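Working notes for the structure below.
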Amino acid sequence: MHARKDSLPASILASIRSRKKRLDAAHMEARPRSAGTLIASYNVHKCVGTDRRFDPERTSRVIHEIGADLIALQEADTRFGERTGILDLGRLERETGLIPVPIAGMAKAHGWHGNVVLFKRGLVHDVHQVKLPGLEPRGALVAEIELEEGGVLRIIAAHFGLLRHNRAQQARTLVELINDRHEMPTILLGDLNEWRLGDRSSLNTFQSAFGELPRAVPSFPAGLPILALDRIIANRKGIISEVEAHDTPLARVASDHLPIKALVDLKPAAV
């Protein structure tokens with residue numbers, strides 16, 4: 001007999017095998033959550049699911065499922081005009097305890113260029129809205145949050161563009177921002193829209209500020225995640241646990257992206 005050759009690229013096969021392990025683990029008894037601050041990133045796709053239904057309530061249920069202490073959302077506002085918010089933030093606060101980081105000058109929008117940061121406990125010391133260069137309207141929301149467990153953490157929630165040269169510009173903009181104030185533990189999270197590796201990848205730009213990047217976690221498309229478009233990376237080694245996808249039946253249909261999540265522990269960042 002002749003050995004059967006795989007007809008799918010190795011990256012796709014690896015994603016399928018990894019997902020099977022996650023689904024098998026879902027049938028096991030749930031493990032207690034480790035100590036730390038659970039952070040997450042979720043491109044909610046304007047609350048339009050893979051079934052093409054606009055369903056903000058379903059999106060809120062996924063956020064509730066994740067149970068994050070802090071979560072960055074992308075595409076949480078309409079794209080143009082007044083960028084009206086499309087989630088019921090009041091209900092989300094009642095059900096999850098999550099409240100939005102305050103931003104200035106956006107009367108009807110939840111966030112900044114569709115980026116929203118929600119958190120449960122802590123104090124917000126500083127918030128900046130950064131307009132990222134490029135043809136598309138893209139931005140980053142920067143917030144410095146004093147965590148209830150102790151320590152101050154800078155969060156950069158971003159959504160990069162679809163064009164490669166724009167992503168490179170956007171990455172450089174954020175690295176310059178980080179280098180100006182490198183003393184603080186910083187986490188970048190969001191949809192970076194970058195699946196390439198090697199010299200052509202905009203992710204290379206981040207190595208000067210973040211060092212070696214953590215293992216990529218496929219999050220897109222939600223039905224069969226192959227591409228690691230969404231990222232959580234830190235500028236201090238050891239302060240975030242291994243990033244994983246929040247892969248549930250509801251999450252697979254609520255958006256074209258799966259949420260990703262990790263635990264933060266600032267103790268390793270102490271000098």
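The values are calculated or read from the model by the stated rules, or taken from the named source; none is laboratory data. What you are looking at is a predicted structure, and each value in this text was computed from that prediction instead of being measured. In this analysis, Cβ positions are derived from the backbone assuming ideal geometry, glycine residues included, and neighbour counts consider all displayed protein chains. Heads up: the accessible areas ignore ligands, DNA and RNA and are worked out on the full protein's heavy atoms, side chains in. Shrake-Rupley method; radii C 1.70, N 1.55, O 1.52, S 1.80 Å.
In terms of its alpha-carbon gyration tensor, segment 149-271 comes out oblate; a/c meets the 1.5 threshold, while b/c is at least as large as a/b. Split the accessible area of segment 204-271 by element, probe 1.4 Å, and carbon with sulfur accounts for 58%. The residues of segment 121-271 expose, per residue, 44 Å² of accessible area to a 1.4 Å probe. Rounded to the nearest 10 square angstrom, R215 shows an accessible area of 140 square angstrom against a 1.4 Å probe.
Which of the residue pairs K46/K131; K131/K267; K120/K267 have a Cα-Cα distance greater than 22 Å in the structure shown? If you can, show how the numbers build up before the last one.
Values: K46/K131 20 Å; K131/K267 32 Å; K120/K267 20 Å.
Long pairs (Cα-Cα over 22 Å): K131/K267.
At a Förster radius of 45 Å, what calculated FRET efficiency corresponds to the Cβ-Cβ distance of K267 and F54, to the nearest 0.05? Don't skip to the end; give the middle numbers.
Numbers: r = 43 Å, r/R0 = 0.95.
With a Förster radius of 45 Å, E is 0.60.
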